[in-house]
Structure formats: structure tokens, C-alpha cells
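Chemist: So that we are looking at the same thing, I have put the structure below in C-alpha cells.
The values are calculated or read from the model by the stated rules, or taken from the named source; none is laboratory data. Remember, predicted model here, so these are calculated numbers, not experimental data. All Cβ positions, glycine included, derive from the backbone under ideal geometry; neighbour counts span all protein chains shown.
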Amino acid sequence: MKKFLKIAVFSLIIIGLIASYQITIHNFKKNISGGQKATIFYDIDKKPFYSLIGQTGRDYVSIDKINRKLLMSVLVVEDARFFQHFGFDVPRIAKIIQYWVTNRNVYFGASTITQQLSKITLFTSERTIKRKVLELITSVFLEIHYSKKEILELYLNNIFFGKNSYGIEAASQNYFGKSASMLNLAESAMLAALIKKPTSYSPLQDVDITRTRQIIVLKRLYKLGWIKKNEYISALSTQVNVLIDYSHKQRAPYFVSSLINVLNKKYGADFLNNKGLRIYTTLDWTAQNAMERVTSDALKKLDSPPPQVASVLMENASGKVLALVGGRSYRESQFNRVTQALRPPGSAIKPFVYALAMESGWLPSDTLFDEPISYIGSGEESVYDDYNEFYEPQNFNQKNIGEITLAYALQSSNNVASVGLLNKLGVGAYQEFVKDLNLNIDKKKGLCLALGCNSVSLLNLVSAYTAFENQGQVCPPIFYEKILLADGEILEDITKDNPNCKTIMSQETSIIMSGLLNGVLKNGTGKNARLDRYAGGKTGTSDDFRDAWFIGFTKSYTSGFWLGNDDNSSMGSETGGRTPAKMWKNYMSAIPELANISLHSPIEDELKKVSICGITGYLSTNYCPIVIDVKFRIKDDKQMKQVYCPEHNETSLFDLDQ
């Protein structure tokens, strides 16, 4: 009986292995057919506009057509014992276990070429013990079914090399403009060096990193005796010319690269590149084409060479990124200045200090004092910068005007009053208020935070501004609405709602702030950005004219424009109120409002719009030098100064310049 059970169990195991083997090989053959695996991107109108396989596609090339130098380069860096193992490298695995036991912080991969082929065709990039075990088993199945030569050929024709290149032939053509059979040793080593991290090691990102990786490959070839010393020395000194232009002429390249980076972080490059996904993006071609035209026209009017530029458009209610330009030219630089650059925003950050004030019970009619003052650091919240014991904020025009309302301080971008306001509110409270906006508020920087001494990305700053026209709520940026697998199964669907929206400020505060920022365009530093419809925004200029910003909103959208040099050098006299404000106006004039926009809040009916004196905060008279329209929640006489300005009337005139 026991003998029978052993035979039965053994038979079931054999049958199970055979069935598993057949299923694995069937799925592998199905997935390895390249044409069905292209990941396709669709615009907001559901029209395809980009594919990850490019024009060269997955040009299949026989291993006999790949030169020996290239084969050796790939093997030496990815799997030097490829022809000695049966799917997995036992000595390598043992070495990793030994390292892990002695130092658990040390991690490096042990995947063979067969395992990598198994992973990119049958699995995702998740790192779990279960997936690793299945990967080992399927690798053995592949070794049983295919010869070593066939496995290597399949691997070389399906791995990703960056630059929209799948397979060794496409990569060779895209990087060097020649067939894989024609590459020299230096080119072969560089191409092999990209396999581990195609984006990070790309010569289009950082040629020094690529060169370092290339040298590693050449050293390994020489150390193992696969090349002679004279070949090694010659390859080290050989100049490699990489093609800069993309053969597929990518449209909206900065938007696409931003989206791919988001998806790579979430799902892994292997999954994105090999699973035949259908990705429905938020890209709006009308908005994108207009943005590219406006930025290009503006740069032509500036001194040569012009500074770098960045711009982005978001839908207030959803967080959808509809258009994005990350630099002057994607051919010149793939660095995305919308998502990757962190720069000081200057006065463009001020609205959030004033929003905190409104949340804390202040009114636009409340007054501060614009007068020379020195702050001395104490405790955890420093009020001085890294170089001076005292912090003495200065206005842009080096003048002070005395008493000033919050409304006028924001409209005129008054530095001294803004710092004074943050001092009263507390840097810690400010940090807590903006913690969900990703604006990198480090309270150790102190009161200069009111003037934008922190560094932020344009994308995060534009996203934060959407709260002013979205009833106090911020929906984080999204680049896609839906992702389908190759068989039509829905992987993600956020078409209706952005699941990560958060309320940052009350509806009342957002309405009041919207009105104040509308005043910035009407009579303040943002005059060059005035539109023929309702809009608001704020200028920003960092120290020594290194950065110039304008962030603004309409009922439907928020967009931002930035100018600056990558080396952080001064632009001379460029400010946020000049070119960026003009770009914003030209761009938003070309973008129509959403037809179904309806964001009226019942709270608006509880607020009263009045005109106040920008200096004293009382109801304005015909003699007030500054008149500002503001909104209040009027409950009783104590809510605001509901009498006419006693300082400015027919018997008491006020000269603002005195």
C-alpha cells in the first residue's frame, strides 16, 4: 500500500511538472510574439499618439548576424557563466546568500539571462520570494525546451535598451545608426552597459555615468581573457558617437517622459515595456500645441542664448495634467524642469502664507506694518539665514510705506509685511498647513520662507494653486486616467475621480484668496497677465533674478511658467511680472474654459464684496490712494471696519510716497 502511494504521489508530481512545463512554454511563446506587446498611449480624445516600440519596432535579428564582440559584452556583464548553468547560477546564488548573512544591507542580483528572459515575458518586476521561485522553475523549463543559442537570441531581441529601443538591432540603429553586426568593441560595451538600467545609464541622461559603465564592461572582458590587452586599450580610447535625435520623432516628449517615469516607479520598467498596455493619458493636443507655440515665441524675443523654460497646465477639479513643456529642446536636454528641477519660487509662494492667515482668523482688511525691522533667531524656528545673525527683509523697491492691509501687501508683493505676517503666524504652523502640498517647507530656514527661500518643482507649485479655484481642495497631478492590459482587463481606472484629493483650506478661505489674487492681476504685480475673463495669479522672482515665475488660474485651469538658467546664473533683470506673466496671458487666452464648469459654493452667498482702503482697511472713500475689492463673511460690526476711512477724506489727504 505504501509503495502504491509513493508511486501515485510520484506520478502526480511528474504529471504536474509536465502540465506546468507545457503551460509555461505555451504562455512564453504567446508572449514572446513581439507585435502584440507594444504599449500604446492615447490622448484625452482616446486617439493613439505614441508607442513604446517606435518605428524600428522589435526588428528581429538572428544571433548569427550579431557580431562576436557584442555577444561577449552582453554575456560578460549579464551572465558570464551562461553556457555553464542550466537556468540559474548556483555559485552566484551561494555568494549572495553569504553576503546577505554577513551584511544584510548588501544586495545585488543573481538573475541569469534565462531568468531575465523569463521575467520580462512571464512576470512583473515585483521582488518576492514566490516570484523568484517561479522564475527559477520557468527558467529550467526554458532551458529544457530551447538551446542556449536560441535562448540568447530571444533575450537579445526582447530586452529594453532605453531610447525607445526593444531588441539589440533597434538599439544599435537608434543609438549608433548602424546594424548590430557592424558595432565595434567600444560601441558594443556601451550598449551592453545599458541593459541593467537603460534610463539611468543612458548617454542621453549622463554621458559620464555611461562611460563609467562602459569601462566596467571592458575591464571584465579583459580580466576574463575574452579580449586581448591591445583590444582593451584601443576600445578605451575609441570615441563613441551617439545619435542625439530620436528616430521616432517623439511628440510631447517631456509629457511622455514624465508619464513613463510615473509608471516605471509604480509598476516597473519591465511590466510597462512588455505587457502590451493601453494607457489613456490626460494629454490635450490643443493645449499642448498652444503651449509649445507660446514658449517658443517668447524665447525668440529674449537675448541669445535664451534661458531655459518650463510650463504646465492642470485642470483644477481633477488634477489632470493637460500640457507640459520641460525645457527649450528635448533634443538638447531630457532634464524635465517641470518635474525634476527644484528652484526657489520667490514671491510665488506668498499666497499660502496669506491663506494660512485667513484660516487663522485674519481678514484682508487687517493691517501690518511695512517698516525696517531686524529679526533675531531663537529656539527651533530660526529667523535668520545661513550667513547672517540677523534677518532684515527688504522690499523689491527698497522703500517702506508704514501701515498696510493684508490685501494690499499681497497685491503689491510686499516683502517686509509678508515676513511680519509669517512671524505672527509661526513657521511651524506654516509648515503644518502646507504639508500635503509637497512644497518642501523646512522650518529651519526660518522667516525667509515667506519670500520663497525654499525650493519647489513647478508641477507641485501649480498643483497647490489649484486649491484657490477648487473650493480649497487639491487633487495631485495625474497623467493618465485608465490603463488596460493587453487582453482588455482594466488595471486602473480613475476616469471619474482622483482618489488622492485632499482639502487644504476651507471654501471660505479659497474664495477670499481667489479674489485677492484676482486683484494681483488687476492692479498688482501681475498686470501683464490680465485676461478678458476672471483669473488670478502671482508673480515670483528669486534673488539676483535667477528664477522668474508666474502661476495663475481661471475657473477651469491653473498653469505656471518658469524661466531660469540650469547653472543658476542671473538672467539680468528678468522678473516674474515680465516674460512669464506675458507667456501666461498669451497661453491662457488661447485655452477656452470648460463648457460645463460649475464650481459655485453656497458659502459665496454668505460673503459680501466691499471696497476697502488698501492702507487702513476701512471702507474706501474717493480719497483713498489704494482701493481694493475684497470679500468678507459679515456677521457683526466687529468682523471688519464697517466705517469709511477716517485717514483719507476731503480734509485729510494721504501721499503714499511720503
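Residues are listed down the side, and each one gets a yes or a no for (1) among the hydroxyl-bearing types (Ser, Thr, Tyr); (2) under 31 Å from the mean Cα position of the chain (by Cα):
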site: 163; (1), (2): no, yes
site: 172; (1), (2): yes, yes
site: 175; (1), (2): yes, yes
site: 180; (1), (2): no, no
site: 194; (1), (2): no, yes
site: 217; (1), (2): no, no
site: 233; (1), (2): no, no
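Chemist: Please go through the range 455-479 and pick out each residue that is surrounded by fewer than 20 Cβ atoms within 10 Å (Cβ to Cβ) and either in contact (Cβ under 8 Å) with a residue 60 or more places away in the chain or farther than 22 Å from residue 410 by Cα (or both).
Modeler: 455, 476
Chemist: Suppose we filter the range 227-240 for residues that are closer than 15 Å to residue 77 by Cα and in contact with a Ser or Thr (Cβ under 9 Å, 6 or more places away or on another chain); how many remain?
Modeler: 0
Chemist: Let me ask you something else. Where in the range 518-585 are there strands (runs of 3 or more DSSP E), lying wholly inside it, with at least 1 residues that are over 20 Å from residue 293 (Cα atoms) and within 21 Å of the chain's Cα centre (by Cα)?
Modeler: 536-541, 547-553
Chemist: Here's a follow-up. Here is a list of conditions, (1) surrounded by 15 or more Cβ atoms within 10 Å (Cβ to Cβ); (2) at pLDDT below 90; (3) basic (Lys, Arg), and residue 220 meets all of them except one; can you say which number that is?
Modeler: (2)
Chemist: Quick one: which residue in 199, 210, 281 is surrounded by 15 or more Cβ atoms within 10 Å (Cβ to Cβ), at pLDDT 90 or above and either assigned by TED's automatic domain parsing to the domain that holds residue 111 or of a type in the set (S, T, N, Q) (or both)?
Modeler: Only one candidate qualifies: 281.
Chemist: Moving on to the next point. For the range 335-369, give me each residue that is within 17 Å of the chain's Cα centre (by Cα) and either surrounded by 21 or more Cβ atoms within 10 Å (Cβ to Cβ) or assigned to a helix (DSSP H, G or I) (or both).
Modeler: 336, 337, 338, 339, 341, 343, 344, 345 - these are the residues of the range 335-369 that are within 17 Å of the chain's Cα centre (by Cα) and either surrounded by 21 or more Cβ atoms within 10 Å (Cβ to Cβ) or assigned to a helix (DSSP H, G or I) (or both).
Chemist: Moving to a separate point now. Looking only at residues in the range 256-270 that are surrounded by fewer than 21 Cβ atoms within 10 Å (Cβ to Cβ) and not aliphatic (A, V, I, L, M), which one is farthest from residue 337 (Cα to Cα)?
Modeler: Among those residues, the one meeting the criterion is 270.
Chemist: Of all residues being of a type in the set (A, V, I, L, M, F, W, C) and in a loop (DSSP other than H, G, I, E, B) in the range 287-334, which is farthest from residue 44 (Cα to Cα)? Just the residue, please.
Modeler: From the range 287-334, those of a type in the set (A, V, I, L, M, F, W, C) are 287, 290-291, 294, 298-299, 302, 309-310, 312-314, 317, 321-325; that's our starting set.
With in a loop (DSSP other than H, G, I, E, B) added as a condition, the list becomes 302, 317.
Numbers: 302: 33, 317: 16 Å.
Applying the filter and picking the extreme gives 302.
Chemist: Report whether or not residue 47 is at pLDDT 70 or above and either closer than 28 Å to residue 187 by Cα or surrounded by fewer than 19 Cβ atoms within 10 Å (Cβ to Cβ) (or both).
Modeler: Yes.
Chemist: Still on this structure, I have one more. Among the residues of the range 484-504, which ones are assigned to a loop (DSSP other than H, G, I, E, B) and either under 12 Å from residue 351 (Cα atoms) or among the charged types (D, E, K, R) (or both)?
Modeler: Correct list: 487, 489, 496, 497.
Listed here are the residues, each with its yes/no results for (1) in contact with a strand residue (DSSP E or B) (Cβ under 7 Å, 6 or more places away or on another chain); (2) modelled with pLDDT of 95 or more.
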site	(1), (2)
455	yes, no
462	yes, yes
471	no, no
488	no, no
497	no, no
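Chemist: Can you name the helices (runs of 4 or more DSSP H) wholly within the range 136-229 that have at least 3 residues being closer than 20 Å to residue 240 by Cβ and of a type in the set (D, E, K, R)?
Modeler: Answer list for the range 136-229: 207-223.
Chemist: Something else: Evaluate the range 646-658: report whether one residue or more is outside any loop (DSSP other than H, G, I, E, B), surrounded by 13 or more Cβ atoms within 10 Å (Cβ to Cβ) and modelled with pLDDT of 85 or more.
Modeler: no
Chemist: Output the number of residues of the range 260-289 satisfying the condition of being of a type in the set (A, V, I, L, M) and in contact with a helix residue (DSSP H, G or I) (Cβ under 6 Å, 6 or more places away or on another chain). Show your work before the answer.
Modeler: At the first step, the residues of the range 260-289 found to be of a type in the set (A, V, I, L, M) are 260, 262-263, 269, 272, 277, 279, 283, 287.
Retained after the next criterion (residues that are in contact with a helix residue (DSSP H, G or I) (Cβ under 6 Å, 6 or more places away or on another chain)): 263, 272, 283.
Of the residues in the range 260-289, 3 are of a type in the set (A, V, I, L, M) and in contact with a helix residue (DSSP H, G or I) (Cβ under 6 Å, 6 or more places away or on another chain).
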